[in-house]
Structures are given as structure tokens and as C-alpha cells.
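Structure first, commentary second.
What follows is calculated from the coordinates using simple rules that are stated; it is not laboratory data. Since this is a predicted model, take the numbers as computed values, not measurements. All Cβ positions, glycine included, derive from the backbone under ideal geometry; neighbour counts span all protein chains shown.
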Amino acid sequence: METPLDKNIIQYIVDIDGERFFPDEFSKEQKKIIKWKIDDDVNPCTYSSWRAGPLELIFRHFSWKLNSENAIVIFTDVKIKNKSSKKVKFYFLINCGKNAHVPLGKEPQKNSKNEMIFQLALKNKKSISLEFASNVDGSLKPKTLRGLGNFNENLTLLKKYYNQELNKQATQVNLPNKKLVNLYKNLQITLWYSIVREKNGDIELRGSGGNPHTFYQYDRTFSHDVPDMVNQFIKDGDFDRARSIIESSYFQKLGLTLEQNYLDAIPKYIISYATYLQFSGDEKYYNKRLLDKLKTVSRMISKHRTRKTKKPAPFLCKSGIMKKSNTLDNGSDYLLVDNFAALHGLASYKYICKYFEINKEVEWADRQINDLNNCLNKAIDAAMNRRKTDYYMCAFEDKTKFWKRGYDGNWLGTSLMMSTFPWNASLKELNCTGTWEKYFNKSIRTCKKLAKESNYNIPAYSWGAWWGHEFGTVYNAGMTIQTLYSEKFRSKIINSIEFLINNQSAPNQWGESFDEAADSKSWTIPATDLETWGLSFFKHAILEMCIAVKTDGNIILGRGIPDKWIYNGSIIQWNSVPINNSEKLDFKISIGDGQFHFKSSQRKNNAPIILNIPYMRNKLAYALTLKGENLRINKKKGTIILPRSINQATIYFSSN
């Protein structure tokens, strides 16, 4: 049987009296044709169904990575229901032989290398189930696959495994947007699926989130993606996986060699080590050899800066900012992201050295931070003066093709996302300011204005995208995380999150860039692979809008919580969120009428909590402990300080 759509995919077809039924999986209206979701709302099993005349076909698939065999097995359950009042005779056809798609029960009446045919009949309202197993790389024999057990047995075991793993990590118990609770779990499972063990023992964290057939693939590592994904593993408490990735040979090259001329990958090497130290408190891991290497990498940041000189040269060539590079198709140019990432990396190095009392290196890092920050501010000043603007964008020259084209999501959003600056750098106590901070809000506002004025269809709450597919990107939430730094924009992060929820390219998946869906009942159309870096940033956004932790021990709760979440009966609750030094925090915020109750687990270390919910600005009245003692509040900022010994409080506010 020739597959109607493509020879390289397994396809199922129903033949009733010579009429063939199959869904067009590449149709823009496939969501209308194929009902597609996550089975039981949480991975690892997908569910899809479609009609074939009087028959309804339901497909469930999940994959299991067998570590003992280093092989991936896909289990499939096909349930066919007769929805009519009459008996239906039909053929069920599959375009491959049973050695490739191995039946786990009923055998086909006909089998060849390229085809299986099941001759079936169903009485009215009756159904039949067929099960199969396939080995992705073909290393397992059919006999081995049959010996693995049936579909439901394996699914039960796999769900048990994932539930055990998820319970070890930061977990949303309750949020006003209920979709975020299971979404957070599904994103994590997809990230776990992207982990590959190489023959040399490396644990690779790949860029593909499950490649749709025929799309450009990201099933490999990217030097500036992996550290960000590792950092999110750490912030979720997945220390073992994070460490196994960090220790792999490809990760160890990041700080010393350039891949794809991504300068931002060098400081990110240090950022991951700083993040691990902060949350794990694993001091013994940082031996002299590692600290010496971190010192070497810190000098690589300095090495890749332009040199100040009195010799005649264009301003940028001697400005002291980072050299030209390429990042996400920006380049070759002097890029904002490299300078922001370098500042974050230097702040991370300073934190590590301060932790271990390496005072000379703390002083060196301080000098580098101040000097680079001054050079960056001068470069931004020069660019704005030349362009006659009161905002800055992704690059300092005007050669970058995206700047010239002037319509895409790379104006500023990816520079913030990829550098995790300034918000996440501020959590490491980076205090440098200047032009970049003064015009930060105006630059964000300008991106929104440019998107609105664009000739391309960039909708509200989307940063846009690129490659002629400007509707949206999987990075949309990631681009917004750093606006937590801004008093003006910090409560808007939910809009970027909900834009993605409402414009999925597949269940809990998005293309790196994607086009608008045919209508509200259809999927958006990805232009490239479904991408894990963006999924990781999605998790980052959901987590840190609710809770973020500074290196000095302060725990910031609610900084990105939107005003629409403040209503009587609203609950914001998380369990097992890592805070510093391998501690974990449970907390619950229960909103009432003119008041909210806060409760958390006990904290061992010096970990004061700062409740910092945007809605509370200029609305706070007072706050009391469980014993009726007054807590310190700042009415203008809307903040409440809870010392380490206080785990419960009631906060009173005006709802006007």
C-alpha cells in the first residue's frame, strides 16, 4: 500500500467497500479533522481520534526510552468503534510490515514488507482494540518487542515513573489559570524526552521537542540553549540531571570554544555553575580545578571584548563592548545580547568567588562589570543618537538584516531571553544601571508599537517571530520573563503565556516560529521544529512570575502575578520549590475580600520572604502575623516582609 501523503510515515487507513478514509495530517484544518489531546491531561500518552464513515478511530501513543537497551520504543493502541446501528465490514490497512510495527495481539490477515491488512467486522456499537510496538532505531527484534508486555501495562509503569519524578520537583498545586498546572508537568516531561545518552557517556539535552514530519529538525545540542535549560532543571530541583548534563564533554567546551559564533554561550557556562551552587549549596563540588576553570572562562569574556584604543577606528571597534557575533540569525553584528549575557556571567562569577571568599577575583569581577556596563551604555547612547530614537534594539550597527527588515520578533525580545538579563542578573545582586535601564521600558513599549504598525500579522501579546512567519514563536513567554525587572511591565507576563496556550501548534507544543491558525478551532502552523529551549523558558516564566530566589537568600513571591488573579477565592499554591542551599518551600496565597492569607513551610536558613504582588501597590493597609504582630510593609511598593521565623500572615488591602 502506498501512503497517500508520504512514504516515510506510518499511516493508518480504513477501507469500507473500496472507499478509503484517512486524515490529512498536514491540513491547516487538521484540528477539525483530528481530535488531538494529551491522554488524561498529563503526558506521556497522546490521544487522537478521527472518523471513517460509520467508524470512529481512537489512537493512543507513547514512547519509552529503554536505558538498558539505549533504544526508544513507541507503543500504540488503536481502538475502532462502530458508531452506526448496522454491522460494518472493513479493512484496516497499515503501510508497513509487522516486523517494523509489531502487533502485540491480533495478527493481520495479510503481511508484506510494506503493508499489513486486517480484515475486520464490527456489530453495531461494538469496538475492537489493536496494539503495536515499534523500535525507532530498529535495534530491537520483533520477539524482544513482543516480550515487553502490552500497551496498558507499560503505560501504567511509565506514568508511575513520571509521577515519582515530578513529585520530587517544584509543583503547582493550584493556580487561577488551571491549565498551567498540567502544562508545567507536560513541558517537563517533553524536556526529559529530549535527553539523549551518547556512546561516550555524554548526557545531551537536544533542541527538538518532538519533530513534526517534514519540518527542519533541531535534534542536536545548541551551545547557548543548553545552559538555560540546565538552569531551569536546577530551579525545579532536578539537580542530578542538571549535573549530568553539565559534566558532559560538549557542555565543558562551552566556556572555551565558540560554536556557531554564539558569544553568549561563554558567560552562560558560568551562570549554570552559579545557579547550581545557589540552589544546591553543594560546596564540595567546587574543587580547585573547577574554580580555576571558571576563572579561565571569566577571562574568555574579557578576551572577546573589543579593545579601547586611541588609534583611528570606527567607534564600535574600540568601544569596549563585546565583539561581533551571531545569535539566532542576528549578525554578524555587535549584539546587545552578548553584552547583557556577559554582565550576567560576570555577576555570576563574582557570586561564586564571594561565596568562596576569593577576594581578588571578586574585585576583578567588579572592575569588569563596571567597565563593561559603562562601555555598553556609551554604545547604546551612540546608537540612539545616530538613529534619533529614545529606545534601543538588538544590535548596534544597522547591518543586521532583521533591523533593516524591521518587522520581526528579534527587535529586543530574544536579546532579553537569551541573556536572562536584567531580571535574573538582578537576582544575583547585579546592581549596575545607566542608559540601558533608563530606556528599558521605552524599548519594550517600542517593540509593541512596531508590532502593531507592522505589515505582518503580529497579534496582541505576541513579540512576533521571523523567517516570514511572524505570528508567534515558542519563545514568546521566554521573551517576557526579563520584564519582571520592570515595575511597569512585570504583571504582563501572563499575557505572553496565555497567548501560547491559545495558539498551540500541537498539544502543549509550538513551532520555533508559527503562522496563524486557519480559525479558532485549528492548530497554528509551525514553520520549523517544535523546540525545547522555548519550552524551558515557558516553565521559567510560569515559575518566576510566582516565586524567584536571590543569591542573598531573599525569596520574592508574586512579582509577576497579574491583577486578574486577585479575586475572592483565588489560590496560588506551590509545593517543593527549591530555595537556596538545597531547601524547598511550600507556600499558599489565598485571596479573600480585602485580605489575603499567606502560609508557607518553615525555612531553616536566612530566607526572608518578600511578598511583592503588583496589585498591592498603594493598596496595602497593614499585615499581621498569626500572633497579631504587625509586619513591615511598604505601601508605595506594595511589599510585605516576612522574617524567617514567620510562616503565616494575613494581609489587608483596599480593593478600590
*Among rounded, prolate and oblate, which fits the range 264-343 when a ≥ b ≥ c are the square roots of the eigenvalues of its C-alpha gyration tensor, a/c under 1.5 means rounded, and a/b larger than b/c means prolate?*
prolate
*At a Förster radius of 41 Å, what calculated FRET efficiency corresponds to the Cβ-Cβ distance of F356 and N502, to the nearest 0.05?*
0.30
*What nm value, rounded to one decimal, do you get for the distance between N457 and K89 when each label is placed 7 Å out toward the C-beta?*
4.8 nm
*Antiparallel as a % of all DSSP beta bridges within the range 555-653, to the nearest 5?*
90 percent
*For the chain, calculate the relative contact order in percent as a whole number, restricting contacts to Cα pairs under 8 Å that are 6 or more residues apart.*
11 percent
*Obtain the nm distance between the two label points defined at Q602 and K488 by a simple spin-label model: each point lies 7 Å from its Cα along the Cα-to-C-beta direction.*
4.6 nm
_Per 0.36 nm of contour for each residue apart, how much would the distance between N152 and N431 grow if the chain were fully extended, relative to their Cα-Cα spacing?_
95.0 nm
*Starting at 0 and stepping by 10 Å, how many percent of the alpha carbon pairs of the range 40-94 end up in each bin?*
19, 39, 26, 12, 3
_Given R₀ = 60 Å, what would the calculated FRET efficiency be for K438 paired with K37, taking r from the Cβ atoms and rounding to 0.05?_
0.80
*Roughly what percent of Cα-Cα pairs across the chain reach past 51 Å?*
16 percent
*Arranged by the count of other C-beta atoms within 10 angstrom, fewest first, what order do R445, R632 take?*
R632, R445
*Scan the range 96-175 for trypsin sites (Lys or Arg not before Pro) in coil per DSSP, keeping those whose Cβ has at most 16 other Cβ atoms within 10 Å, and list them by number.*
K106, K113, K123, K125, K126, K168
*Contact order relative to length of the range 555-653, as percent, for alpha carbon pairs under 8 angstrom and 6 or more apart*: 29 percent
*Which whole-number percent is the relative contact order of the range 197-244 (Cα, under 8 Å, 6+ apart)?*
28 percent
*Taking the Cα centre of the chain as the origin and placing charges on Cβ (Lys, Arg +1; Asp, Glu -1), which of W523, L290, H344 is farthest toward the positive end of the dipole?*
H344
*On average over all directions, what projected area in square nanometres does the range 555-653 have, based on the convex hull of its Cα atoms?*
5.7 nm²
*Prolate/oblate/rounded label for the range 150-213 (Cα gyration tensor, a/c 1.5)*: prolate
*How far apart, in nm, are two points set 7 Å out from the Cα along the Cα-to-Cβ line at Q109 and at D240?*
5.1 nm
*Find which of S582, I501, S536 sits farthest along the positive direction of the dipole of the chain, computed with +1 on the beta-carbon of Lys and Arg, -1 on that of Asp and Glu, about the Cα centre.*
S582
*Debye, to nearest 20: dipole size of the chain, +1 on Lys, Arg Cβ, -1 on Asp, Glu Cβ*: 1060 debye
_Table column - 3J(HN,Hα) (Hz), the range 494-499, Karplus curve with 6.51, -1.76, 1.60, x for Gly and Pro_ = 4, 5, 5, 5, 6, 4
*asked:* Give me the extension gain from C317 to S654: residue separation times 0.36 nm, minus the current Cα-Cα distance, reported in nm with one decimal.
replied: 115.9 nm
*For each of L620, L346, count neighbouring Cβ atoms within 10 Å of the residue's Cβ, then give the residues from fewest to most.*
L620, L346
*Proximal charge balance of K268 [Cβ under 15 Å; K/R count +1, D/E count -1]*: -1
*Neighbour-limited loop hits for GluC sites (Glu not before Pro), the range 140-213 (at most 16 other Cβ within 10 Å; DSSP other than H, G, I, E, B)*: E198
*asked:* Amide H of L104 versus every other amide H placed in the peptide plane: which residues, excluding those fewer than 5 positions away on the same chain, fall under 5 Å?
replied: E131, F132, A133
*asked:* Projecting each Cα onto the charge dipole of the chain (Lys/Arg +1, Asp/Glu -1 at the beta carbon, about the Cα centre), which of F440, V173, W466 comes out farthest on the positive side?
replied: F440
_Taking 51 Å as R0, compute the FRET efficiency from the Cβ-Cβ separation of I9 and K253 and round it to 0.05._
0.90
*Loop-located chymotrypsin sites (Phe, Trp or Tyr not before Pro) in the range 462-553, at most 15 other Cβ atoms within 10 Å (DSSP)*: W467
*Run the dipole for the range 555-653 about the Cα centre, Lys and Arg Cβ at +1, Asp and Glu Cβ at -1, nothing else charged, and hand back the magnitude in debye, nearest 20.*
280 debye
*Calculated from DSSP H runs of 4 or more alone, at -39500 (n - 2.57) each and per residue, what is the 222 nm mean residue ellipticity of the chain, nearest 500?*
-9500 deg cm²/dmol
*For the range 89-201, what class follows from the C-alpha gyration tensor (a ≥ b ≥ c being the square roots of its eigenvalues): rounded when a/c is under 1.5, otherwise prolate if a/b is larger than b/c, else oblate?*
oblate
*Taking a quarter of the surface of the Cα convex hull of the range 72-153, what do you get in nm²?*
5.6 nm²
